[in-house]
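The values are calculated or read from the model by the stated rules, or taken from the named source; none is laboratory data. Nothing here was measured: the structure is a model prediction, and the numbers come from that model. Note: ideal-geometry Cβ built from the backbone for every residue, glycine included; neighbour counts use all protein chains shown. Calculation scope for accessible area: heavy atoms of the full protein, side chains included, ligands and nucleic acids excluded. Shrake-Rupley method; radii C 1.70, N 1.55, O 1.52, S 1.80 Å.
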Amino acid sequence: MSRSASRHAIIIGGGASGVLLAYQLLHHPTRDFHVTLIEQRPDIGRGLAYHSGNPEHLLNVRVANMSALPDEPDHFWRWLTSRAADAPLCPDPYCFVPRRIYGDYVASLLRPLMSDGGASPRLSIVQGTCVGVSEGETDVVAMLDDGRCHIGDIIVLATGHDTRSSSPGYLDPWVSPSSAGIAADDAVLILGSGLTMVDYVLSLLTDGHRGPIIAMSRRGLLAKAHRRAEPMRIDEAEVPFGVGLSQLLRWFRGRVEAHVADGGDWRGVVDGIRPYTQRLWRELPPISKRRFLEHARAWWDVHRHRMAPEVEARIAHALYAGHLTLVAGKIIGIQPNEAGAWVRYRRRGQREILDLQVGAIVDCTGIVKDPRATTNPAVRSLFDQGLARVDPLCIGIETSADCAIVNRDGVPSRRLFAVGPLTRAAFWEIIAIPDIRTQCAALAAQLATKDEARPFEHIGARPP
Ligand SMILES: Cc1cc2nc3c(=O)[nH]c(=O)nc-3n(C[C@H](O)[C@H](O)[C@H](O)COP(=O)(O)OP(=O)(O)OC[C@H]3O[C@@H](n4cnc5c(N)ncnc54)[C@H](O)[C@@H]3O)c2cc1C
């Protein structure tokens, strides 16, 4: 088969999404791509999820589902077993390994394409922060914080989760408790009760923290744990696409009840619906999407994004021992003092205001959910130029079904694309690897075959 002309793709963000996309582009059978991968961290493949050095921070998806390649489902398992001598042994693909190891795996995907100097003729890995993106008629430019500019045919944003810088007085959940200087006997208040809170509690326990830990969120919901439940087979024809939220939830609850009555596990239904969640989201009426985000999202999240059984055991132990307390409540006020902070709060459904003296407050409410509040300079530059717009629900930037970034006037770009969590407005279920790997493979295939009126042909970098 003859190969088509080469294209230069610039990927901004070298976390898992950026690396998976680079891999797909560089392995495309009919089109040569030159890929420039721009990452601000010192190493690629880790991003926010897989940089944690704490061995107790485990994957929250079992090994069997974490292959980076959609057409080789056991790729990660084979990689793991091939290095069994130096990795913690995993008895079978249904286990959960430390996330750091997964970061090693993702980084290893591009290693064969790099020469000794860390570069190859087709792959350039650039360390730096992209602070601006521009789109011309025939090319695109990514500007770095040190003034370098990279010129290419297409840019794909894979900037991932937008972490909020913590408000003054709050500790950053991505900094370990020991580095943050939390004293072992301090009472620690954690805002949020999601998986970031779980990670932070594990870090406190690893550090030998003795003081009380209080995790507070509006509903006080804790993520459920995984069990060895197979996803049930749900026929696409029976899924009520396009109906309103109430009808959809009624159908879903009915499915769960029937499955449980048959001796099954509710997890089987939650996982069984997964192949259809992107279509369900796409076809959900806008008003239902809004209602889902307001009322059902927190419930869905704790059932869908589950923790490893080992993690559950540690958290359950801390809860039963009274070391960790989960509170459904709302902060009324925080008064910093010499010992930390005096916190006033109200439990959910109660009027009485309660007080609490804590030594530290950690903000685990985590990821910026409103893209207008982004602190990412690359994303901000798109908004400022009108090259991107926020979706009507304010959960992401607007992208077309084929990942093209939609501009202020509603026109999808021919040269600017996005993958991963940034595209959640269009796909919703696009946070975890099983969905991201499929998205990256599909985008690579599309970029390889699409023939523009003006061919993509630019490879180049301008010095500062
Ligand atoms: C704590 C945590 C645990 C998770 N665990 C799992 C799990 O076990 N299994 C699973 O399937 N999913 C998990 N996820 C979901 C996760 O979203 C995906 O697995 C995946 O890591 C997303 O990768 P990403 O590259 O899109 O985003 P990120 O991991 O956020 O990476 C984005 C990268 O882009 C870089 N970047 C951003 N802006 C710029 C810029 N302007 N210039 C240069 N570089 C930039 C960042 O430095 C970062 O490295 C987890 C998520 C989190 C937050």
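Convex hull volume of the Cα atoms in the chain, per residue, in Å³?
177 Å³
Keeping every protein chain present and rolling a 1.4 Å probe, give me the accessible area per residue for the chain in Å².
Using a 1.4 Å probe on heavy atoms only, each residue of the chain averages 45 Å².
Would you please name the trypsin sites (Lys or Arg not before Pro) within the stretch 34-100 that are DSSP coil residues with at most 14 other C-beta atoms within 10 Å of their C-beta?
Listed in order of number, the matching sites are R83.
How far, in degrees from 0 to 90, does helix 16-26 lean away from the longest principal axis of the Cα atoms of the chain, to the nearest 10?
Tilt relative to the chain: about 20 degrees.
Relative to the longest principal axis of the chain, what angle (0 to 90°, nearest 10) does the C-alpha long axis of helix 274-283 take?
It works out to around 80 degrees.
Taking the full set of protein chains and a 1.4 angstrom probe, give the accessible area of M114 in square angstrom, rounded to the nearest 10.
Here the residue's solvent-accessible area equals roughly 50 Å².
With no solvent and one point on each alpha carbon, what is the Debye value of log10 I(q)/I(0) for the stretch 292-355 at q = 0.28 Å⁻¹?
Computed log10 I(q)/I(0) values: -1.05.
Where the centroid of each part is defined by its Cα atoms, how far is the stretch 344-390 from the stretch 137-158 in Å?
30 Å
With a 1.4 Å probe and every protein chain kept in, tell me what percent of the accessible surface of the stretch 236-304 is carbon plus sulfur.
Exposed carbon and sulfur together represent 54 percent of the surface.
If you find the alpha carbon centre of the stretch 175-201 and of the stretch 1-76, how far apart are they in angstrom?
Value for the Cα centre distance between the two parts: 30 Å.
Taking the chain as a whole, which cysteines find no other cysteine Cβ under 4.7 angstrom from their Cβ?
C130, C149, C364, C394, C403, C440
What is the Cα coordinate range of the stretch 236-304 on the first, second and third principal axes, sorted by size from largest, in whole angstrom?
Between the extreme Cα coordinates on each principal axis of the stretch 236-304 lie 36, 27, 19 Å.
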